[in-house]
Amino acid sequence: MADKFDVIVIGAGPGGYVAAIRAAQLGLKTACVEKWIGKEGNVVHGGTCLNVGCIPSKALLEASHKFVEAKHDFDDMGIEAGDVTMDVKKMMARKDKIVKNLTGGISGLFKANGVTAIEGTGKVVSGKQVEVTALDGNTTTYDAENIVVAAGSVPVEIPPTPLTEGLIVDSTGALEFQETPKRLGVIGAGVIGLELGSVWSRLGSEVTVLEAMDSFLPMVDTAIAKETQKLLKKQGLDIKLGARVTGSEAKGEEVVVKYTDSNGEQEMTFDKLIVCVGRRPYTKGVIADGVSVELDERGFIFVDDQCRTNVPGVYAIGDCVRGPMLAHKASEEGIMVADIIAGHKAEMNYDTIPNVIYTFPEVAWVGMTEQDAKAKGIEVKTGSFPFAASGRAMANNATEGSAKIIADAETDRILGMHIVGQHAGEMIAQGVIAMEFGSSAEDLALTCYAHPTMSEAVHEAALAVEGHAIHMANRKKRK
């Protein structure tokens with residue numbers, strides 16, 4: 001008879017491993033099942049985020065940004081760097097080393113917290129049991145008082161552009177290029193498409209982004225989205241909106257992509273094509289036939305606000321349930337579920353989940369856009385501040401972008417914060433905390449910020465809500 005656990009987590013991504021560690025810390029006998037095979041042929045933890053998502057892409061973004069800085073910007077600061085070149089293979093090796101360190105670190109955290117790591121493919125079977133198929137094909141069934149499904153997601157593939165080894169790739173394949181393609185096509189102007197497009201554009205690729213939607217970053221406040229589009233275009237990204245891909249043809253080492261736009265049928269030829277049109281939940285085979293856990297037609301597991309499925313004792317978190325597919329959202333759900341299983345009261349505020357695009361400058365936001373609020377009939381007041389007026393931004397040679405705060409016109413409560421600028425991903429935490437505690441724009445305006453910092457742009461934007469920004473001319477209020 002296999003061991004019985006208080007909690008078995010299926011999946012060791014940022015939702016699953018966090019849930020497992022938290023549950024163990026709360027005194028629950030916990031196991032975590034993982035099947036991900038790393039480059040060295042052994043099971044690794046961390047899921048998409050650590051292995052082929054958040055972390056490796058940031059390693060490439062940081063390296064490529066430093067390359068651009070050294071090549072084009074250092075001279076303005078008086079730094080003579082000579083002929084700067086990029087060794088792509090070395091950049092990739094550094095990325096792989098970071099991934100290895102982090103995934104190994106999770107295994108260490110499991111040991112430190114007493115989490116039992118089980119290698120294999122987990123499946124929820126009836127009677128609160130988890131069946132694990134090991135790499136050698138042997139199966140073991142474990143009993144659990146509670147099961148947490150954290151199976152994650154996989155990239156969406158589309159019929160017009162079937163993946164072709166080394167030529168048409170998804171976001172995972174785009175992290176493995178060993179040289180810079182001369183002509184790079186990217187399908188999808190979402191977070192992943194813009195980040196990967198930026199990496200290879202900085203390294204010299206001619207990047208064309210084909211986006212089917214007519215609007216750019218519709219989830220971001222329109223003013224910030226327009227500014228971002230302008231900045232990325234200036235960097236060399238050719239972003240074609242309303243471009244619907246209809247087909248592709250691999251010709252030797254090239255791929256011809258056909259698409260339609262407002263001018264009719266079009267085609268372009270690329271040396272590499274990255275397909276970044278979204279992700280879908282990875283739930284096929286995770287729930288055994290006969291187990292009545294409900295899924296929707298797209299494979300998402302139905303859960304309530306506290307991630308309970310319709311089957312008592314079975315929870316689901318992260319990318320395989322509703323809501324944004326973000327690592328930090330999955331992690332917080334993991335903590336919430338572990339707390340609930342341990343008998344604590346816990347809930348998650350889904351209105352304050354931050355979003356970040358790690359281009360340069362970064363784009364970050366939380367809460368409503370001005371357009372969202374108005375569409376809901378909420379009267380708002382806004383304040384914006386450009387980094388061009390920030391002393392620290394000037395010192396950093398990073399004056400592009402701005403911060404914007406949207407507040408309720410009647411209560412002054414902050415409804416949203418949107419930023420494009422250097423370190424926007426760090427600064428957005430101020431908006432998250434402010435909204436979490438129901439702060440007003442005046443609360444931020446009356447807060448003492450360190451000088452000189454990039455965060456002063458948030459302070460000034462809060463002051464600007466009432467037309468009181470200090471370091472720029474305020475717009476006169478309409479009477």
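The values are calculated or read from the model by the stated rules, or taken from the named source; none is laboratory data. Owing to the predicted nature of the structure, the values given are computational and were not obtained by experimental measurement. Backbone-built Cβ (ideal geometry, glycine too); neighbour counts: all protein chains shown. These accessible areas exclude ligands, DNA and RNA; they are computed on the full protein's heavy atoms, side chains included. Shrake-Rupley method; radii C 1.70, N 1.55, O 1.52, S 1.80 Å.
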Projected onto the charge dipole of the stretch 157-236 (unit charges on the beta-carbon of Lys, Arg, Asp and Glu, signs +1, +1, -1, -1), the Cα from Leu210, Leu175, Pro162 with the largest positive-side position is that of Leu210
Karplus ³J(HN,Hα) for the stretch 195-207 (6.51 cos²θ - 1.76 cosθ + 1.60, θ = phi - 60°; Hz, whole; x = Gly/Pro) runs 5, 5, x, 5, 3, 7, 5, 4, 8, x, 6, 8, 9
Of all DSSP beta bridges having both residues in the chain, the percent classed as antiparallel (nearest 5) is 60
With +1 at each Lys and Arg Cβ and -1 at each Asp and Glu Cβ, the charge dipole magnitude of the stretch 176-249 around its Cα centre, to the nearest 20 debye, comes out at 260
Ranking Thr269, Thr228 from most to least accessible area with a 1.4 Å probe gives Thr269, Thr228
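Output the relative contact order of the stretch 1-121, whole-number percent, from Cα pairs under 8 angstrom with separation of 6+ residues. Walk me through the numbers on the way to the answer.
Values: 155 pairs, mean separation 39.2, N = 121.
Answer for the stretch 1-121 is 32 percent.
Could you work out the relative contact order of the chain, using alpha carbon pairs under 8 angstrom and six or more residues apart, expressed as a whole percent?
Values: 1057 pairs, mean separation 66.9, N = 479.
Relative contact order here is 14 percent.
Out of the stretch 234-325, which trypsin sites (Lys or Arg not before Pro) are coil in DSSP terms and have no more than 12 other C-beta atoms within 10 Å? Don't skip to the answer; put the middle values down first.
Numbers: sites: Lys234, Lys240, Arg244, Lys251, Lys258, Lys272, Arg279, Lys284, Arg298, Arg308, Arg322; in loops: Lys284, Arg298, Arg322.
Of the trypsin sites (Lys or Arg not before Pro), the ones in loops of the stretch 234-325 whose Cβ has at most 12 other Cβ atoms within 10 Å are Lys284, Arg298.
So what is the 222 nm mean residue ellipticity for the chain from helices alone, if each DSSP H run of at least 4 adds -39500 (n - 2.57) and you divide by all residues, rounding to the nearest 500 deg cm²/dmol?
On the way: 12 runs with 135 residues, N = 479.
Helix contribution divided over all residues of the chain: -8500 deg cm²/dmol.
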For the stretch 115-125, in residue order, the Karplus 3J(HN,Hα) values (coefficients 6.51, -1.76, 1.60; θ = phi - 60°; whole Hz; Gly and Pro = x) are 7, 7, 8, 10, 9, x, 9, x, 9, 6, 10
Extension length gain for Lys111 and Glu40 (0.36 nm per residue less Cα distance), in nm, is 23.5 nm
Between the modelled labels at Thr246 and Phe437 (7 Å from Cα along Cα→Cβ) the distance in nm is 5.6
In the neighbourhood of Ala330 defined by beta carbon distances under 13 Å, the net charge of the other residues (Lys, Arg +1; Asp, Glu -1) is +1
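Express the carbon and sulfur contribution to the solvent-accessible surface of the stretch 355-479 as a percent, rounded to the nearest whole number, probe 1.4 angstrom. Intermediate results must be reported in sequence, preceding the final value.
Working: 3190 of 6150 Å².
Exposed carbon and sulfur together represent 52 percent of the surface.
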Computed ³J(HN,Hα) along the stretch 372-387: with the Karplus parameters 6.51/-1.76/1.60, θ = phi - 60°, integer Hz and x for glycine or proline, the list is 4, 4, 5, 5, 8, x, 8, 7, 10, 10, 10, x, 10, 8, x, 5
In nm, the gap between the two label points placed 7 Å beyond Cα toward Cβ at Met213 and Thr141 is 4.6
Extend 7 Å from the Cα of Lys100 along its Cα-to-C-beta direction; within the stretch 38-68, residues with backbone N under 20 Å of that point are 38-61, 63
Rounded to whole Å², per residue accessible area for the stretch 252-344 with a 1.4 Å probe reads 48
Here FRET efficiency (C-beta to C-beta, Thr172 to Glu426, R₀ 30 Å, nearest 0.05) is 0.65
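For the stretch 428-468, what is the accessible area per residue in Å² when the probe is 1.4 Å? Mind dumping the intermediate values first?
On the way: 1880 Å² over 41 residues.
In whole numbers, the stretch 428-468 has 46 Å² accessible per residue.
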Among Lys66/Lys234; Lys39/Lys66; Lys182/Lys226; Lys226/Lys476; Lys89/Lys234, the pairs whose Cα-Cα distance exceeds 21 Å are Lys39/Lys66; Lys182/Lys226; Lys226/Lys476; Lys89/Lys234
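For the stretch 1-73, which whole percent of the accessible surface, found with a 1.4 angstrom probe, sits on carbon and sulfur atoms?
Numbers: 1460 of 2790 Å².
C and S atoms contribute 53 percent here.
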Heavy-atom accessible area per residue of the stretch 27-102, all protein chains kept, 1.4 Å probe, expressed in Å², is 54
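Heavy atoms only, probe 1.4 Å: what % of the accessible area of the stretch 194-292 goes to carbon and sulfur, would you let me know? Before the final figure, lay out each step's value.
Numbers: 2180 of 4790 Å².
C and S fraction of accessible area: 45 percent.
Counting Lys +1, Arg +1, Asp -1, Glu -1, what net charge surrounds Asp271 among other residues with beta carbon under 13 Å of its beta carbon?
Combined, the nearby Lys, Arg, Asp and Glu give 0.
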The simple spin-label model distance between Asp412 and Ser262, using points 7 Å out along Cα→Cβ, in nm, is 4.3
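Highest first, please rank the peptides 394-405, 194-205, 124-135 by the mean number of other Cβ atoms sitting within 10 Å of their residues.
Working: 394-405: 20.4, 194-205: 24.3, 124-135: 16.8.
Result, highest mean Cβ count within 10 Å first: 194-205, 394-405, 124-135.
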Sorted by chain and number, the residues with a modelled amide H under 5 Å from that of Ile118, at a separation of 5 or more or across chains, are Cys32, Val33, Glu34
